[in-house]
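The values are calculated or read from the model by the stated rules, or taken from the named source; none is laboratory data. For clarity, every value in this text was computed on a predicted model and none was experimentally measured. FYI the Cβ positions are ideal-geometry reconstructions off the backbone, even for glycines, and counts take in every protein chain you see.
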Amino acid sequence: MRIEIIERNYQASQHLIDVVEKKISKLDKYFETDSVLCKVSFKKESTSLKLEVMLEYEGKLVRAQVVGDNFYENIDKVLPKLEGQIRKYRTRFDKQQKNNAFKDRILYESFEEIETTDKVVKVKQFKLEPMTVEQAIEEMELLGHSFFVFFDSESKEIKVLYLRSDGELGLIEPKL
């Protein structure tokens, strides 16, 4: 597993990086190959420390984040979340597809941060793959996002799945 460290408003010590790499490498048991990219982001916010871990395996993304007072405690909290998501994801897709649970598909081809005086601070580009609403729900849950844009394979339209304030899911179907 390749581990990439990202630091934002925080300089991680070599000891912290070593501990994180050692603990993250335990997730290797879930993957057959070394083609897994793990991005670990250390971010210091005003009063808290945020640790985000994102795994990319053959185009599929699994993401978890923890906010706390100590990065050493945060890594211990984020690992069970990741393991649960990996097991859940693999079980669902193994049942659906029997094998090859992860296919070659990259959600986010590239993203770039732009500097502007307007309100847009980041632009993301991603490839829309045809999927059902159920698959979009699974992707959104795995990414931990509050919304997900996808191309509905049944209606051949772009739709937006979102998490409502009451905890339920909503679906936006744009009409021209």
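Cβ-Cβ contacts under 8 Å between residues 6 or more apart (or on different chains), taken from a first residue in the stretch 8-28 that is small (G, A, S) to a second residue that is outside any helix (DSSP H, G or I), are listed as A12/I5; A12/F42; S25/M1; S25/I3. Contact map, the stretch 55-68: residues that are touching a residue at least 60 places away in the same chain (Cβ under 8 Å) paired with residues that are part of a strand (DSSP E or B) and of a type in the set (K, R), Cβ distance under 7 Å, separation 6+ or inter-chain. Pairs shown: Q65/K50.
Per-residue answers, yes or no, for (1) among the hydroxyl-bearing types (S, T, Y); (2) touching a strand residue (DSSP E or B) at 6+ places or on another chain (Cβ under 7 Å):
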residue: T132; (1), (2): yes, no
residue: L142; (1), (2): no, yes
residue: S146; (1), (2): yes, yes
residue: E157; (1), (2): no, no
residue: V160; (1), (2): no, yes
residue: L163; (1), (2): no, yes
residue: E173; (1), (2): no, yes
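With respect to the conditions (1) farther than 30 Å from Q135 by Cβ; (2) surrounded by 15 or more Cβ atoms within 10 Å (Cβ to Cβ); (3) under 18 Å from the mean Cα position of the chain (by Cα), L16 falls short on a single one, namely (3).
Could you grab me the full set of residues in the stretch 123-157 that are part of a strand (DSSP E or B) and over 26 Å from V53 (Cα atoms)? Walk me through it before giving the result.
Quick first cut of the stretch 123-157, residues part of a strand (DSSP E or B) only: 123-125, 130-131, 147-152, 157.
P130, F151, D152, E157 - these are the residues of the stretch 123-157 that are part of a strand (DSSP E or B) and over 26 Å from V53 (Cα atoms).
Of all residues in the stretch 148-168, those that are within 11 Å of V133 (Cα to Cα) have Cβ atoms under 8 Å from Cβ atoms of residues that are assigned to a loop (DSSP other than H, G, I, E, B) and among the hydroxyl-bearing types (S, T, Y), 6 or more apart or on another chain, in D152/T132; S153/T132; E154/T132. Within the stretch 158-168, being modelled with pLDDT under 90 and in a strand (DSSP E or B) holds for one residue alone: L163.
Consider the stretch 29-62 and keep the residues that are charged (D, E, K, R) and surrounded by 18 or more Cβ atoms within 10 Å (Cβ to Cβ). The one that is nearest to F126 (Cα to Cα) is K60.
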